[in-house]
Amino acid sequence: MKGFDIDAPRWDQSTFMGRLKHFFNITDWRTVLLPDSRLDEAKVLVESCRAGSIPPGTTEEQLHYAKKLYDSAFHPDTGDRMNMIGRMSFQVPGGMAITGFMLQFYRTVPAVVFWQWVNQSFNALVNYTNRNAASPITPKQIGVAYVTATSTALATAVGLNLYTKKAPPLVARWVPFAAVASANCVNIPMMRQQEILNGIAVTDEDGNKLGHSRKAAVKGITQVVISRVTMAAPGMIILPIIMQRLEKYRFMQKITFLHGPLQVMMVGVFLVFMVPAACSLFPQRCSMAVTKLEPELRESIIAQYGDRVSYIYFNKGL
């Protein structure tokens, strides 16, 4: 076990399948059931391994499991334990409940308003928890981001809900997805506005800091938006089609009180696969060619390193 590199990826992060295995591992919803004491033990073991001091009798399997818990519960930039609801491992239980009820209660304006508000509150916490922590955000900016995204979701949902009154029933069932997608396009950039305004910390391949880049921030945030919309899309687009067909059967018409719980469970099935798949679309350690950076940063890197540094790297967040 001597010389074991606990930070070395178990799977090739340059490929989608490698990232998929990685995120299946760290978004495992079962990890949210563990007490903080168990997570802290995992962190101690990971930090001991990094320091080259592995406790006698520790197996490689135990080290891999400790790293799984560490990656699922602690922020990659700060090493601080993240709040449980904001962790990506909570996306399945949290997302399935909220999305299931959004899809069930889409007919009346009060229900639409309530569940869109709940969803945006959840999203705001997830976005804040998984931000790039090197770019701090003030409480005022958090409030503005939350209010803006929630207003966008409500305006989209209520507006489309009223507009689709005379549309085919299936179109109305897709209104929640339109609201979620549009809100994500606002919520994530607003919550991480400091990165867009002041730039995100970028490094060379060895982790040496090179400066801050606004263009890198835009690239990272755009990828996160695409991932979040992709995460929600299959369940919120396919499930309404399934439910519309099922509701034509007599047995389904007799158990209307179970439609909500049924949709929650079916959304959960989608999310078990879509959370890791969506997170895997792009590498978390994002790269960008030096030639595509802002002129001042590009010139600074070239002046200091010449052509030795052709790509910069940064944590895009989740």
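The values are calculated or read from the model by the stated rules, or taken from the named source; none is laboratory data. Keep in mind that what you see is a predicted model, and the values were worked out from it rather than measured. Cβ placement follows ideal geometry from the backbone for every residue including glycine, while neighbour counts extend to all protein chains displayed. Please note that ligands, DNA and RNA were not included when accessible areas were found on the heavy atoms of the full protein model with its side chains. Shrake-Rupley method; radii C 1.70, N 1.55, O 1.52, S 1.80 Å.
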Practice problem: In a Gaussian network model over the chain where Cα atoms closer than 10 Å are linked, find which of 161, 198, 127 has the largest mean-square fluctuation. | Solution: 198
Exercise. Take the chain, connect every pair of alpha-carbon atoms lying under 10 Å apart with a spring to form a Gaussian network, then pick out the residue of 303, 179, 97 with the largest mean-square fluctuation.
Key: 303
Practice problem: Treating only the Cβ atoms of Lys and Arg (+1) and Asp and Glu (-1) as charged, compute the dipole magnitude of the chain about its Cα centre; round to the nearest 20 debye. | Solution: 1400
Self-check item: Those aspartates and glutamates that a straight Cα-Cα span of less than 20 Å connects to residue 165, excepting residues fewer than 8 apart in one chain
Solution: 247
Exercise. List, in the order given, every pair from 292/316; 43/209; 140/292; 166/248; 43/140; 140/316 whose Cα-Cα distance in the structure shown is over 27 Å.
Key: 140/292; 43/140
Quiz item: Quick one: if you stick a label point 7 Å off each Cα along the C-beta vector at residue 61 and residue 105, how many nm between them?
Solution: 4.5
Exercise. Towards the positive end of the charge dipole of the stretch 196-287, with charges on Cβ (+1 Lys, Arg; -1 Asp, Glu), say which of 199, 258, 235 has the farthest Cα.
Key: 258
Exercise. Could you compute the FRET efficiency for residue 294 and residue 155, with r as their C-beta to C-beta distance and R0 at 41 Å, rounded to 0.05?
Key: 0.75
Quiz item: Which listed residue (22, 34, 4) has the Cα farthest towards the positive end of the charge dipole for the stretch 1-40, taking +1 on Lys and Arg C-beta and -1 on Asp and Glu C-beta about the Cα centre?
Solution: 22
Quiz prompt | Dipole in debye (nearest 20) - the stretch 1-152, about Cα centre, beta carbon charges: Lys, Arg +1; Asp, Glu -1 | solution = 400
Self-check item: Spacing of the two label points (7 Å from each Cα toward its C-beta) at residue 281 and residue 17, in nm
Solution: 2.2
Practice problem: Identify the chymotrypsin sites (Phe, Trp or Tyr not before Pro) of the stretch 238-318 meeting these criteria: DSSP loop state and at most 10 other C-beta atoms within 10 Å of the C-beta. | Solution: 249
Exercise. On the full set of protein chains, 1.4 Å probe, figure out the accessible area of residue 89 and give it in Å² to the nearest 10.
Key: 0
Exercise. Keeping every protein chain in place, order 209, 248 by accessible area at 1.4 Å, biggest value first, i.e. largest first.
Key: 248, 209
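Mind ranking 163, 65, 70 by accessible surface for me, highest first, 1.4 Å probe?
Accessible-area ranking of 163, 65, 70, largest first: 163, 65, 70.
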Quiz item: Put 126, 147 in order of accessible area, largest first, 1.4 Å probe: what do you get?
Solution: 147, 126
Quiz item: Can you tell which of 231, 252, 191 shows the greatest fluctuation in a Gaussian network model of the chain with Cα springs below 10 Å?
Solution: 252
Self-check item: Segment residue 241-residue 218, extension gain: residue separation times 0.36 nm, minus the distance between their alpha carbons
Solution: 4.8 nm
Practice problem: Roll a 1.4 Å probe over the protein heavy atoms and report the accessible area of residue 307 in Å², nearest 10. | Solution: 140
Exercise. Would you kindly find the accessible area of residue 117, with a 1.4 Å probe and non-protein molecules such as ligands, DNA and RNA excluded, rounding to the nearest 10 Å²?
Key: 120
